[in-house]
Amino acid sequence: MNLVISRARISAFTAALSLLHFNAAAAAEATLSGDLGMGASWSQSRIRGEREKTSAMPYLNLEYGPAFARVDTFGVKVLPVAYGHIEIVGQYRDDGYKVVNLDKRQDSLPFGVGTLQITPIGAFDVRVYHDFGKSDGTLWQARYLAELSLGRVTVYPEIGAEYQSRRYTRYYYGTTDADAATLGSSYQPGSAVNLFAGLMVETRITQHWYTHLYVRRTVVGDSIAESPLVRGKGRNAALLAAGYRF
């Protein structure tokens, strides 16, 4: 295990602590709101030889003053803007992998800035991350969510795109010397734009308990799909959870 911590990671961590301290007064008077529960996630394999991933996970969709957790995204609101805030954010991606006969890739450590704008015509979510992990790459994300209320059931359709820089794609989808020796070919992708569409179905069971079903289909860019490490252009993922609403 690599125990060396880079200056960039220390700087990012220090910045996060500073922002939390800056918002301490607001948090002192805050109340907890949102959903807390447990769920199970599933995703198709994207790398040849990799197994499908199924795992239990906490379900967190909470706010406490300026701090928040939104399933795989966490952060702090720092400045009100229009229908939302400028936010300092991190994300859990689980994008590393360990496959027989291929070099291991570590999970990324994305940290950056973004905004969630909840408008009368839907929610617009835009984020920019730098990976403080091994890739040292950049991620740009943009998505739109609508809301359809059907009694006890609320449906949230989603569409979006993610730009992955060349450094990011080369770390995860380019071949190392060892990979090339195993596969019989080498490949170094360029940057990529991945498109996705999803659907969240939220069902109220009692006054405080809700179930959440989320499904997503992602189509990766050609520079990723053409990698000898990658299995096809499309991949599916799902999340099923139950949570208590505060």
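The values are calculated or read from the model by the stated rules, or taken from the named source; none is laboratory data. Note that the structure is predicted; figures quoted are calculated from it, not measured. Here Cβ is always computed from backbone atoms with ideal geometry, including for glycine, and neighbour counts include all displayed protein chains. Surface accessibility is based on the protein's heavy atoms, side chains included, excluding ligands, DNA and RNA. Shrake-Rupley method; radii C 1.70, N 1.55, O 1.52, S 1.80 Å.
Highest average first, the peptides 167-179, 186-198 ordered by how many other beta carbon atoms sit within 10 Å of their residues are 167-179, 186-198. Return the carbon/sulfur percentage of the accessible area of the range 134-190, one whole number, probe 1.4 Å, all protein chains in place. Roughly 54 percent, rounded to a whole number.
Rolling a 1.4 angstrom probe over the protein heavy atoms with all chains in place gives the chain an accessible area of 56 Å² per residue.
Relative to the longest principal axis of the Cα atoms of the chain, the long axis of helix 7-22 makes an angle of roughly 0 degrees. Dipole magnitude for the chain: computed about the Cα centre from +1 point charges on Lys and Arg Cβ and -1 point charges on Asp and Glu Cβ, it is near 360 debye. Annotation for the range 77-126: trypsin sites (Lys or Arg not before Pro) lying in DSSP loop with at most 13 further Cβ atoms inside 10 Å of their Cβ are 98, 104. Maximal additional length on extending the residue 226-residue 201 stretch stands at 5.6 nm, based on 0.36 nm per residue less the C-alpha distance.
Taking label points 7 Å from Cα along the Cα-to-Cβ direction, residue 56 and residue 185 give a separation of 4.2 nm. Pairs of Lys residues in the chain that lie 8 or more places apart, or on two chains, and have C-alpha atoms under 29 angstrom apart add up to 10.
Using 0.36 nm per residue and subtracting the Cα-Cα separation, the extra length available between residue 177 and residue 146 on full extension is 6.6 nm. Across the range 100-204, the relative contact order, built from alpha-carbon pairs under 8 Å that are at least six residues apart, equals 24 percent. Compared with the alpha-carbon gap, the fully stretched path from residue 31 to residue 104 is longer by 22.1 nm at 0.36 nm per residue.
Taken about its Cα centre, the range 85-217 carries a charge dipole of roughly 140 debye when the Cβ of each Lys and Arg holds +1 and the Cβ of each Asp and Glu holds -1.
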